[in-house]
Amino acid sequence: MTVRLGVLQDYESIRKSNNSTNALENSAYFPNAIREDLENGYLIFDDETHGFLAFYPTKKSDPPRVTIYNIYVPKSSRKKGSGFQMVEFLRELYPDRPILAKCPVDIESNKWYEHTGWKLKEVLPPEGRRKRALNLWVYEVES
Ligand SMILES: CC(C)(COP(=O)(O)OP(=O)(O)OC[C@H]1O[C@@H](n2cnc3c(N)ncnc32)[C@H](O)[C@@H]1OP(=O)(O)O)[C@@H](O)C(=O)NCCC(=O)NCCS
């Protein structure tokens, strides 16, 4: 299996696959955040594609769920199952929690969410400094 929880030693591979050529795709994610996520055990990594998925579980006081705040697979490795396998890995880590993801309404990846079984829960309108509306996708717990 090539999908696993990332460790600090993966930082360089992730940084390289997340370089300036895809800055527009991935503009909200910074190197320090990657390090922190690796330290906290909040980053799933695919050894084969060097794709990654960054997430956080809600704190005890909030309703249990887990949120993906970044998922990325390098262009040359897309449509081979890496993104979906990382979501399934997260599902196995948190079998009882819905998984949430927010995605700008105008990007291609919304089709991927739809294709892989996510449900569109709501559309969040632009707010404050955020100029783009966001789709809120949910990957429900299997019944
Ligand atoms: C979204 C992303 C992570 C998907 O990763 P991926 O590894 O290519 O996805 P997978 O190969 O696991 O896709 C699983 C299925 O969805 C399909 N799929 C992949 N991308 C798709 C797309 N853009 N539109 C429709 N279907 C898509 C695949 O063909 C596959 O279908 P199948 O199971 O019927 O064969 C990747 O496209 C990416 O990194 N995009 C740029 C970053 C980004 O936009 N992240 C999301 C921010 S909200």
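The values are calculated or read from the model by the stated rules, or taken from the named source; none is laboratory data. Owing to the predicted nature of the structure, the values given are computational and were not obtained by experimental measurement. Cβ sites come from the backbone with ideal geometry, for glycine too, and all protein chains shown count toward neighbours.
Each row is one residue, and each column tells you yes or no for (1) surrounded by 11 or more Cβ atoms within 10 Å (Cβ to Cβ); (2) under 27 Å from Thr2 (Cβ atoms); (3) charged (D, E, K, R).
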site	(1), (2), (3)
His50	yes, yes, no
Ser61	no, no, no
Lys79	no, yes, yes
Ser109	yes, yes, no
Tyr113	yes, yes, no
Pro125	no, no, no
Quick one: in the range 43-70, which of the residues that are under 17 Å from Arg15 (Cβ atoms) and in a loop (DSSP other than H, G, I, E, B) is farthest from the ligand (Cβ to nearest atom)?
Asp47
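Please determine whether any residue of the range 111-119 is touching a helix residue (DSSP H, G or I) at 6+ places or on another chain (Cβ under 8 Å), assigned to a strand (DSSP E or B), within 16 Å of the ligand (Cβ to nearest atom) and without any contact (Cβ under 8 Å) to a residue 40 or more places away in the chain.
First, the residues of the range 111-119 that are touching a helix residue (DSSP H, G or I) at 6+ places or on another chain (Cβ under 8 Å): 112, 116.
With the extra rule that they be assigned to a strand (DSSP E or B), the set shrinks to none.
No, the conditions are met nowhere in the range 111-119.
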Taking the range 88-107 as the search range and keeping residues that are surrounded by fewer than 18 Cβ atoms within 10 Å (Cβ to Cβ) and more than 12 Å from the ligand (Cβ to nearest atom), which one is farthest from Glu142 (Cα to Cα)?
Leu93
Has the range 22-31 got any residue that is in contact with a Gly (Cβ under 9 Å, 6 or more places away or on another chain) and either within 15 Å of the ligand (Cβ to nearest atom) or modelled with pLDDT of 85 or more (or both)?
no
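State all residues of the range 71-87 that are under 20 Å from Lys121 (Cα atoms) and either more than 7 Å from the ligand (Cβ to nearest atom) or assigned to a helix (DSSP H, G or I) (or both); if no residue qualifies, say none. Don't jump to the end; show me each part of the working.
Step one: filter the range 71-87 for residues under 20 Å from Lys121 (Cα atoms), giving 71, 84, 87.
Phe84, Val87 - these are the residues of the range 71-87 that are under 20 Å from Lys121 (Cα atoms) and either more than 7 Å from the ligand (Cβ to nearest atom) or assigned to a helix (DSSP H, G or I) (or both).
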